Amino acid sequence: MLAYLVNLTTLVAINVILAVTLNFVIGYAGIFSLAHAAFFGIGAYAAAYVAMHFTTDFLACVAVAMVLTGLVSLALAMPALRVRGEYFVAASLGLQILAVTVFTEWKSVTGGIGGVVGIPSPTIFGRPIVGTTAFMVLALVCLAITLAIIAALVRSAFGRNLKAIRDSESAAGAFGKQVALIKTFSVVISSSLAAVAGALYAFYLSFINVESFTLDTSVLIMAMVIIGGAGTLAGPIIGAVLLLVLPSALSYLWFLPPTEIGSIQQILYGLALVLLMIFYPGGLAGALTRGAGKDRQGDREAGAVKA
Amino acid sequence: MLLLQLLINGLQVGAIYALTAVGFSLVFGSTKIFHVAHGAAFTIAGYIFYMLTVKAGAHWLVGLAGSTVAVLAFGVLIDRLVYAPIERHEGSFFTVFVASLGVATIVQNLIGTMFGRGFVSVSTPLSKGVEVVQGVYVSPLVGISVVCGIGCFLALHLFLTRTHVGMALRALGENRDLVRAYGLNPRNLSTLALALGSLLVVPGAVIAAASSGLNPAIGAHVMLISIAATIVGGVGSLVGAACGGLLLGMAENLAHWGLASQWSEAITFVVLLLFIIFRPAGFFGSAIKT
């Protein structure tokens with residue numbers, strides 16, 4: 001039971017990092033990315049590659065993963081953010097689909113469909129991280145650092161600029177803000193922090209393959225953000241915990257065929273997204289704090305972001 | 001010879017993409033709904049056709065009628081049950097998009113549980129190629145796709161320019177309030193746009209079922225193609241979307257000249273990114289700047 005909880009906590013920590021970083025662009029910058037799983041994957045493969053060929057030092061692997069992912073996201077964001085939101089959605093969807101192809105086909109680095117097997121345990125300052133408990137602590141530390149960075153950014157002048165751009169780009173532009181630059185920067189920060197989650201994931205499982213980084217994963221992370229409540233700090237955490245506990249709850253329902261549980265989960269996430277958008281566009285965090293979504297103005301502020 | 005063969009294949013695929021993209025562009029242009037569940041309509045049409053003709057053994061016309069009815073119902077229902085309530089209270093791009101993505105996810109997984117995740121296809125003598133020149137095979141499906149594509153597009157064009165309802169639909173994209181001021185109901189027009197847009201996927205889905213086959217994840221691919229073609233062609237221009245779809249289909253097939261077929265989606269992405277960098281306005285139409 002304890003081992004189960006340790007495992008669940010580690011996975012929750014990794015997913016909360018993903019949800020919080022995606023929320024940074026969706027909720028605060030009003031940018032819609034469907035490529036978060038691609039960034040997660042690039043981070044994971046980069047960390048695995050470095051660990052297997054050069055050094056198992058965790059910090060070095062994470063640094064490489066972050067820089068590489070940051071560069072890819074920069075290449076996506078620079079052209080796509082000069083124009084309106086729809087273009088970024090399209091471009092990020094394209095990148096996500098392309099990333100899956102690359103993960104499957106670039107066999108010398110990604111191992112193709114079979115994936116990368118036998119990723120060594122990481123070391124920190126020469127000390128190996130062995131055992132699930134030690135790893136859980138590492139994941140929680142990474143989560144705490146990510147949360148601190150995001151929270152500090154949101155409160156800083158940069159975060160206020162972002163929110164200003166989200167609420168009205170033309171107004172922010174009129175005040176002399178470099179709209180495209182600020183948006184691009186926010187995407188790069190979010191993606192490189194998602195790479196941290198990727199590195200953690202690769203080391204934790206010591207095995208990665210393309211299955212974990214598909215469009216379905218992007219939609220799942222987005223569901224975490226939106227079900228929890230975009231644009232709030234607590235929202236994505238609530239969402240990630242809920243959506244990770246749900247599968248374990250589903251496996252207790254004896255009448256569901258085990259092979260279909262994955263699809264049933266996805267159907268439930270999809271349904272939750274549709275129903276929330278109809279009734280509580282602010283997500284659960286928004287619904288709780290704003291009196292069950294009756295206050296429309298409140299909903300809008302809580303997270304129903306305008307493009 | 002290979003080049004000619006690839007061009008012919010590109011024409012077939014391009015005609016399908018063009019029609020599908022025009023459907024998406026019609027919905028997006030007139031209602032401003034970023035209808036990513038358009039790919040789901042394609043999946044539904046294809047699988048209903050497969051179910052009726054292969055599983056139930058019905059005549060292909062019955063299959064065609066069945067998938068037409070199914071996508072019409074899908075278009076009308078998604079508009080009435082999902083988009084209408086959202087637009088009533090708020091209706092930002094974000095909210096509508098997420099709901100649409102939710103519907104797409106539901107459809108993909110429902111189809112996956114019902115029919116399995118592998119490829120299915122409808123075999124027909126029409127998809128057998130005939131050697132016209134040495135080494136170049138052309139199947140009747142190529143002609144059918146092109147004729148269907150041109151026919152549907154012309155019919156849509158006539159509908160939008162010659163009938164009152166069609167003109168109202170175009171007006172909806174220009175100025176929603178003015179449409180209401182003229183005593184027309186924008187909600188009913190939206191439903192019509194969704195129904196028409198969904199209807200346009202039927203030929204493509206049926207031809208895809210008979211040629212390259214279907215799988216539940218095809219919706220995501222169709223979604224990418226439709227959005228990319230709309231941007232490449234220029235948002236708000238139906239001719240642009242058609243040209244964009246044709247271009248993407250051609251590019252995808254011509255890429256087989258030097259690349260393995262798995263990379264076709266990469267080509268779509270590269271074309272899309274090049275357009276976003278150098279010509280965000282697309283062929284026709286104007287870029288939506290912020």
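From the list A:Val187, A:Val196, the lone residue that is modelled with pLDDT of 90 or more, open to solvent by 10 Å² or more (accessible area, probe 1.4 Å) and away from every other protein chain (no Cβ under 12 Å) is A:Val196. Evaluate the range A:241-250: report whether one residue or more is more than 13 Å from B:Ile106 (Cα to Cα), open to solvent by 30 Å² or more (accessible area, probe 1.4 Å) and β-branched (Val, Ile, Thr). There is at least one residue in the range A:241-250 that is more than 13 Å from B:Ile106 (Cα to Cα), open to solvent by 30 Å² or more (accessible area, probe 1.4 Å) and β-branched (Val, Ile, Thr).
Scan the range B:91-123 for residues that are more than 14 Å from every other protein chain (Cβ to nearest Cβ) and touching a Leu at 6+ places or on another chain (Cβ under 8 Å) and jot them down. Even if it seems obvious, please write down each step before you answer.
Step one: list which residues in the range B:91-123 are more than 14 Å from every other protein chain (Cβ to nearest Cβ), which gives B:119-123.
Scanning the range B:91-123 gives B:Phe119, B:Val120, B:Ser121.
Output yes when any residue across the range A:225-232 is away from every other protein chain (no Cβ under 14 Å) and either touching a residue at least 24 places away in the same chain (Cβ under 8 Å) or in a loop (DSSP other than H, G, I, E, B) (or both), and no when none is. Checking the range A:225-232: at least one residue is away from every other protein chain (no Cβ under 14 Å) and either touching a residue at least 24 places away in the same chain (Cβ under 8 Å) or in a loop (DSSP other than H, G, I, E, B) (or both).
Kindly check whether there is at least one residue in the range B:74-86 that is open to solvent by 40 Å² or more (accessible area, probe 1.4 Å), away from chain A (no Cβ under 14 Å), touching a Ser or Thr at 6+ places or on another chain (Cβ under 8 Å) and in a helix (DSSP H, G or I). Quick ask: steps written out before the conclusion?
As a first pass, look at the range B:74-86 and keep what is open to solvent by 40 Å² or more (accessible area, probe 1.4 Å): B:76-77, B:80-81.
Now drop any that are not away from chain A (no Cβ under 14 Å), which leaves B:76.
Filter again for touching a Ser or Thr at 6+ places or on another chain (Cβ under 8 Å), leaving B:76.
Filter once more, so that each one left must be in a helix (DSSP H, G or I): B:76.
Yes, the range B:74-86 contains at least one residue that is open to solvent by 40 Å² or more (accessible area, probe 1.4 Å), away from chain A (no Cβ under 14 Å), touching a Ser or Thr at 6+ places or on another chain (Cβ under 8 Å) and in a helix (DSSP H, G or I).
Any chance the range B:26-44 includes a residue that's more than 17 Å from B:Val103 (Cα to Cα), of a type in the set (A, V, I, L, M, F, W, C) and surrounded by 24 or more Cβ atoms within 10 Å (Cβ to Cβ)? For the range B:26-44, residues more than 17 Å from B:Val103 (Cα to Cα), of a type in the set (A, V, I, L, M, F, W, C) and surrounded by 24 or more Cβ atoms within 10 Å (Cβ to Cβ): present.
Once the range B:56-70 is narrowed to residues that are outside any helix (DSSP H, G or I) and either on the phi > 0 side of the Ramachandran plot or touching a helix residue (DSSP H, G or I) at 6+ places or on another chain (Cβ under 6 Å) (or both), the residue that is surrounded by the fewest Cβ atoms within 10 Å (Cβ to Cβ) is B:Gly57.
Within the range B:122-134, the residues that satisfy the criterion of being assigned to a loop (DSSP other than H, G, I, E, B) and touching a helix residue (DSSP H, G or I) at 6+ places or on another chain (Cβ under 6 Å) are B:Val122, B:Thr124.
A count restricted to the range A:140-184 and to residues that are among the hydroxyl-bearing types (Ser, Thr, Tyr) and surrounded by fewer than 19 Cβ atoms within 10 Å (Cβ to Cβ) stands at 3. Counting only residues that are aliphatic (A, V, I, L, M) and open to solvent by less than 20 Å² (accessible area, probe 1.4 Å), which one in the range A:103-130 is farthest from A:His53 (Cα to Cα)? The residue in question is A:Val116.
The residue that is farthest from the chain's Cα centre (by Cα), counting only those in the range B:219-235 that are closer than 17 Å to B:Gly10 by Cα and not hydrophobic (A, V, I, L, M, F, W, C), is B:His221. Checking each residue in the range B:45-55 for being open to solvent by 30 Å² or more (accessible area, probe 1.4 Å) and either closer than 15 Å to B:Phe74 by Cα or not in a helix (DSSP H, G or I) (or both) picks out only B:Ile48. Tallying residues that are at positive phi and touching a strand residue (DSSP E or B) at 6+ places or on another chain (Cβ under 9 Å) within the range B:189-235 yields 1.
For the range A:151-184, a tally of residues being on the phi > 0 side of the Ramachandran plot and modelled with pLDDT of 80 or more returns 0. Only residues that are open to solvent by less than 10 Å² (accessible area, probe 1.4 Å) and of a type outside the set (Gly, Ala, Ser): list them for the range A:87-102, please. The answer is A:Tyr87, A:Phe88, A:Val89, A:Leu93, A:Gln96.
With respect to A:Thr133, determine if the residue is open to solvent by less than 30 Å² (accessible area, probe 1.4 Å), of a type in the set (S, T, N, Q) and under 30 Å from A:Met1 (Cα atoms).
Values: open to solvent by less than 30 Å² (accessible area, probe 1.4 Å): no; of a type in the set (S, T, N, Q): yes; under 30 Å from A:Met1 (Cα atoms): yes.
Criteria not met by A:Thr133.
The set of residues from the range B:146-191 being surrounded by 11 or more Cβ atoms within 10 Å (Cβ to Cβ), free of Cβ contacts under 8 Å to residues at least 24 places away in the same chain, among the polar types (S, T, N, Q) and assigned to a helix (DSSP H, G or I) comprises just one member, B:Asn188. Checking each residue in the range A:52-86 for being buried (at least 24 other Cβ atoms within 10 Å of the Cβ), within 14 Å of chain B (Cβ to nearest Cβ) and either under 26 Å from B:Ala217 (Cβ atoms) or of a type in the set (Lys, Arg) (or both) picks out A:Ser73, A:Leu76, A:Ala80.
Within 17 Å of A:Ala80 (Cα to Cα), in contact (Cβ under 8 Å) with a residue 12 or more places away in the chain and either touching a helix residue (DSSP H, G or I) at 6+ places or on another chain (Cβ under 6 Å) or of a type outside the set (Gly, Ala, Ser) (or both): does that describe B:Ile207? Show your work before the answer.
Values: within 17 Å of A:Ala80 (Cα to Cα): no; in contact (Cβ under 8 Å) with a residue 12 or more places away in the chain: yes; either touching a helix residue (DSSP H, G or I) at 6+ places or on another chain (Cβ under 6 Å) or of a type outside the set (Gly, Ala, Ser) (or both): yes.
No, not satisfied.
Scanning the range B:235-272 for residues that are within 14 Å of chain A (Cβ to nearest Cβ), over 17 Å from A:Ala90 (Cα atoms) and open to solvent by 60 Å² or more (accessible area, probe 1.4 Å) turns up B:Leu259, B:Ser261, B:Gln262, B:Trp263.
Which one is surrounded by the most Cβ atoms within 10 Å (Cβ to Cβ) among residues in the range B:1-25 that are among the hydrophobic types (A, V, I, L, M, F, W, C) and in contact with a Gly (Cβ under 6 Å, 6 or more places away or on another chain)? Restricting to residues being among the hydrophobic types (A, V, I, L, M, F, W, C) and in contact with a Gly (Cβ under 6 Å, 6 or more places away or on another chain), the top hit is B:Ala21.
For the condition modelled with pLDDT of 90 or more, within 14 Å of another protein chain (Cβ to nearest Cβ), out of contact with any Lys or Arg (no Cβ under 8 Å at 6 or more places or on another chain) and closer than 27 Å to A:Pro257 by Cα, B:Ala21 does not qualify. Scanning the range B:217-231 for residues that are surrounded by fewer than 24 Cβ atoms within 10 Å (Cβ to Cβ) and either assigned to a helix (DSSP H, G or I) or modelled with pLDDT of 85 or more (or both) yields a total of 2. Evaluation of B:Gly197 against the conditions (1) open to solvent by 10 Å² or more (accessible area, probe 1.4 Å); (2) outside any loop (DSSP other than H, G, I, E, B) shows that the sole unmet condition is (1).
The values are calculated or read from the model by the stated rules, or taken from the named source; none is laboratory data. What you see is a predicted model, and the numbers here were worked out from it, not measured in a lab. Every residue, glycine as well, gets a Cβ built from its backbone with ideal geometry; the counts of neighbours run over all protein chains shown. Calculation scope for accessible area: heavy atoms of the full protein, side chains included, ligands and nucleic acids excluded. Shrake-Rupley method; radii C 1.70, N 1.55, O 1.52, S 1.80 Å.
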